[in-house]
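The values are calculated or read from the model by the stated rules, or taken from the named source; none is laboratory data. What you see is a predicted model; the values in this text were computed from it and never measured. Methodologically, a virtual Cβ is constructed for each residue, glycine included, from the backbone with ideal geometry; neighbour enumeration extends over all protein chains shown. Accessible surface is based on the protein model in full, side chains and every heavy atom, while ligands, DNA and RNA are left aside. Shrake-Rupley method; radii C 1.70, N 1.55, O 1.52, S 1.80 Å.
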Amino acid sequence: MSDRLAILTDGLLHESAAKTGHGVMRYGTRDVGCVVDAVHAGRRAVDVAPFCDHPAPVVADVPAARELGADVLLVGVAPMGGRLTPQWRAMLLEAIGLGMHIEAGLHTTLADDPELAEAARAQGVQLRDLRAAPADLDVPLGREVPIPARVVHSVGSDCAIGKMTVTLELDRAARRRDLASVFIATGQTGVAITGWGMAVDHVVSDYVAGAADRLVREGAQRGDLLWLEGQGSLFHQAYSGVTLGLLHGSSADALVVCHRAGATTVGDNARTPLPALAEIARAYEQATAWVRPAPVAAIALNTAVLDEEQAREACRQAEAETGVVADDVVRFGADRVLDAVLAAVR
């Protein structure tokens, strides 16, 4: 695909809500021409959100993006609830009018929206729904039908703490060692990065486990070390169902628990306390064992809010508490966690 992307972040480039945009810029292979964000216009993406590590210019509006040669407008924000806002609708219609394709991972299905669909038809452009799910999903086959690969599943204490990032970093580190490693996307951002996978939060609940099973079987056709991206958290009231479906459908061989260092409550609901990290790890081992046992091989800490010495101490404390390797794979590299995982899935 020879797209030149304009990534719409609409004032949120500096926030984690723009994780789709950040992920595509950091890990994707498509050409990113610019970011559309009036709040940060005139700067570079890397200077606003350093994690994205991309020098794309930030422009104020869609016409400016088109002038820079962008032919696809990608919605780079993953809002809670995933719905198309009136402001974004206007910007998408403007982009369509300028002959740009639209790509989005919203729960609002662009192709089912009469106004957007008619505008796209009239202009001869595509509406690409990253969350669209296959119509023929079913329940999982289970490990009675063997999977010819090792499956590692990232799980977490909360949402939006870096499960996708951890999984991508481990896949990248494994491929540097010439391992036949495959990242399996289970969310819209991952699908935008890799061009395949499935946004399982858009799947009918009965088929989430079947979706996970299908994904790892497709992944096994691409490699023999599979990194299945986690979603949600067992401890988050809103999204625990998706988490459990992935956990049971994947029949993983090992788990990596992702956790924000120092977090004691769910991020968007401070009234929901989190257990101690060791209890979180045990809970995931217990939950997966209802279907198929798998050990927690390592802890991946997000230490972004700590300085370097605090981050190293947090890793040491996590190791002492859980008895497994703990590290920040973005800050300190993925090798220690990767070594622990490989030892667990031999």
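Among the residues making up region 1-19, those that are under 17 Å from the mean Cα position of the chain (by Cα) and open to solvent by 10 Å² or more (accessible area, probe 1.4 Å) are Glu15, Ser16, Ala17, Lys19. Does at least one position in region 241-255 carry a residue that is farther than 21 Å from Asp158 by Cβ, out of contact with any helix residue (DSSP H, G or I) (no Cβ under 7 Å at 6 or more places or on another chain), modelled with pLDDT under 95 and in a loop (DSSP other than H, G, I, E, B)? So far as region 241-255 goes, yes, one or more of its residues are farther than 21 Å from Asp158 by Cβ, out of contact with any helix residue (DSSP H, G or I) (no Cβ under 7 Å at 6 or more places or on another chain), modelled with pLDDT under 95 and in a loop (DSSP other than H, G, I, E, B). Could you go through region 312-321 and let me know if any residue there is within 18 Å of the chain's Cα centre (by Cα) and of a type in the set (A, V, I, L, M). No, there is no match, as no residue in region 312-321 is within 18 Å of the chain's Cα centre (by Cα) and of a type in the set (A, V, I, L, M). The residue that is farthest from Gln126 (Cα to Cα), among those in region 21-73 that are of a type in the set (Val, Ile, Thr) and open to solvent by 50 Å² or more (accessible area, probe 1.4 Å), is Val39. The number of residues in region 259-295 being open to solvent by less than 50 Å² (accessible area, probe 1.4 Å), part of a helix (DSSP H, G or I) and among the polar types (S, T, N, Q) comes to 1. Of all residues in region 156-183, those satisfying the criterion of being in a loop (DSSP other than H, G, I, E, B), open to solvent by 20 Å² or more (accessible area, probe 1.4 Å) and touching a Lys or Arg at 6+ places or on another chain (Cβ under 9 Å) are Ala160, Gly162, Ala180.
Out of Ser240, Ser205, one residue alone is open to solvent by 20 Å² or more (accessible area, probe 1.4 Å) and under 13 Å from Leu137 (Cβ atoms). It is Ser205. The criterion of being under 22 Å from Leu170 (Cα atoms) and either at pLDDT 95 or above or touching a Gly at 6+ places or on another chain (Cβ under 9 Å) (or both) does not hold for Ala287.
Among residues of region 124-145 being aliphatic (A, V, I, L, M) and without any contact (Cβ under 8 Å) to a residue 60 or more places away in the chain, the one that is most open to solvent (accessible area, probe 1.4 Å) is Ala135.
Each residue in region 78-103 was checked for being closer than 14 Å to Ala17 by Cα and open to solvent by less than 10 Å² (accessible area, probe 1.4 Å), and 1 of them qualify. Does at least one position in region 52-67 carry a residue that is touching a residue at least 60 places away in the same chain (Cβ under 8 Å) and either in contact with a strand residue (DSSP E or B) (Cβ under 6 Å, 6 or more places away or on another chain) or not β-branched (Val, Ile, Thr) (or both)? So far as region 52-67 goes, yes, one or more of its residues are touching a residue at least 60 places away in the same chain (Cβ under 8 Å) and either in contact with a strand residue (DSSP E or B) (Cβ under 6 Å, 6 or more places away or on another chain) or not β-branched (Val, Ile, Thr) (or both). Of everything in region 1-19, what is touching a Leu at 6+ places or on another chain (Cβ under 7 Å), outside any helix (DSSP H, G or I) and within 18 Å of Thr165 (Cβ to Cβ)? Give them in sequence order. If the condition is that a residue be touching a Leu at 6+ places or on another chain (Cβ under 7 Å), outside any helix (DSSP H, G or I) and within 18 Å of Thr165 (Cβ to Cβ), then Ile7 is the only one that fits. Taking residues in region 279-297 that are closer than 12 Å to Ala254 by Cα, and partners anywhere that are at pLDDT below 95 and not in a helix (DSSP H, G or I), the pairs with Cβ atoms closer than 9 Å and at least 6 places apart or on different chains are Thr288/Ser251; Arg292/Gly142; Arg292/Arg143; Arg292/Ser251; Ala294/Ser251.
When Gly195 is tested against the conditions (1) touching a Pro at 6+ places or on another chain (Cβ under 9 Å); (2) open to solvent by 10 Å² or more (accessible area, probe 1.4 Å), the lone failure is (1). With the condition kept exactly as written, say whether any residue in region 213-220 is free of Cβ contacts under 8 Å to residues at least 60 places away in the same chain, more than 19 Å from Val341 (Cβ to Cβ) and open to solvent by 20 Å² or more (accessible area, probe 1.4 Å). Taking every residue of region 213-220 in turn, at least one turns out to be free of Cβ contacts under 8 Å to residues at least 60 places away in the same chain, more than 19 Å from Val341 (Cβ to Cβ) and open to solvent by 20 Å² or more (accessible area, probe 1.4 Å).
Where helices (runs of 4 or more DSSP H) fall wholly inside region 20-127, the ranges with 3 or more residues that are under 23 Å from the mean Cα position of the chain (by Cα) are 45-48.
Table: residues versus (1) without any contact (Cβ under 8 Å) to a residue 12 or more places away in the chain; (2) closer than 23 Å to Arg172 by Cα.
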| position | (1), (2) |
| --- | --- |
| Gly11 | no, no |
| Thr20 | no, yes |
| Val39 | no, no |
| Val46 | yes, yes |
| Val77 | no, no |
| Leu84 | no, no |
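Among the residues of region 221-237, those identified as open to solvent by 20 Å² or more (accessible area, probe 1.4 Å) and touching a residue at least 12 places away in the same chain (Cβ under 8 Å) are Arg222, Asp224, Gln231, Leu234, Phe235, Gln237. Provide a single number: the residues in region 296-327 that are surrounded by 18 or more Cβ atoms within 10 Å (Cβ to Cβ), under 16 Å from Ala344 (Cα atoms) and not hydroxyl-bearing (Ser, Thr, Tyr). The qualifying residues number 8.
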